[in-house]
Amino acid sequence: MLPTALNQHAEVVGVLTWNLTEGAPFLYKGGIVYDLTTVSPLLKDGMPYGINDRGQIVIGASAGIYLLTPKPADTATTLTSDRQSAAYGQAIALTATTAVVPPETGVPTGDTKFLDDGVLVVAVHTDAGGSATVRLAHSEK
């Protein structure tokens, strides 16, 4: 293994070598080594030059220079309430918990958007456990 770059998430790119003349670009992420030639056979002789903190990888190969951009992991979100019903004007707490769908790993980050009929009500920062809570009460306009 010949590592060439590392990002803040401890993801490493480099070249796996079988002998002095053969090898393949790799990504090391979450304890697993991924062969990047499975993305495209054009990367067979590729050399990863860098990986940024979004997981994008720059690879130079005889066929050209490539930027590989990872697909965001699939997620599932559950919504819970602190009460079954609320009287007019009474506040209710809604908690959205988002998790990455296996076999991917990790915790979603950023903001959770609470919508009403497709219209943004509020965006709340997602905590380290993947949850975001908002307290809402219906009121007259």
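The values are calculated or read from the model by the stated rules, or taken from the named source; none is laboratory data. It should be emphasised that the depicted structure is a prediction, and the values quoted were computed from it without experimental measurement. As a convention, Cβ positions derive from the backbone with ideal geometry for all residues, glycine included, and neighbour counts pool all protein chains shown.
Here are the numbers for the structure shown:
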quantity	calculated
Restricting region 8-27 to residues that are more than 15 Å from ILE59 (Cβ to Cβ) and within 22 Å of the chain's Cα centre (by Cα), the residue that is surrounded by the most Cβ atoms within 10 Å (Cβ to Cβ)	HIS9
Segments classed as strands (runs of 3 or more DSSP E), wholly inside region 23-74, with at least 2 members that are of a type in the set (Lys, Arg) and either within 17 Å of ALA5 (Cβ to Cβ) or modelled with pLDDT of 90 or more (or both)	none
Candidate set: region 109-141, residues that are without any contact (Cβ under 8 Å) to a residue 40 or more places away in the chain and β-branched (Val, Ile, Thr); chosen: the one farthest from ALA93 (Cα to Cα)	THR109
Spans of strands (runs of 3 or more DSSP E) in region 81-141 with at least 1 residues on the phi > 0 side of the Ramachandran plot and of a type in the set (Phe, Trp, Tyr)	none
From LEU43, LEU67, residue being without any contact (Cβ under 8 Å) to a residue 60 or more places away in the chain, of a type outside the set (Phe, Trp, Tyr) and surrounded by 11 or more Cβ atoms within 10 Å (Cβ to Cβ)	LEU43
Number of positions in region 46-60 that are closer than 20 Å to PRO103 by Cα and either aromatic (Phe, Trp, Tyr) or surrounded by 18 or more Cβ atoms within 10 Å (Cβ to Cβ) (or both)	0
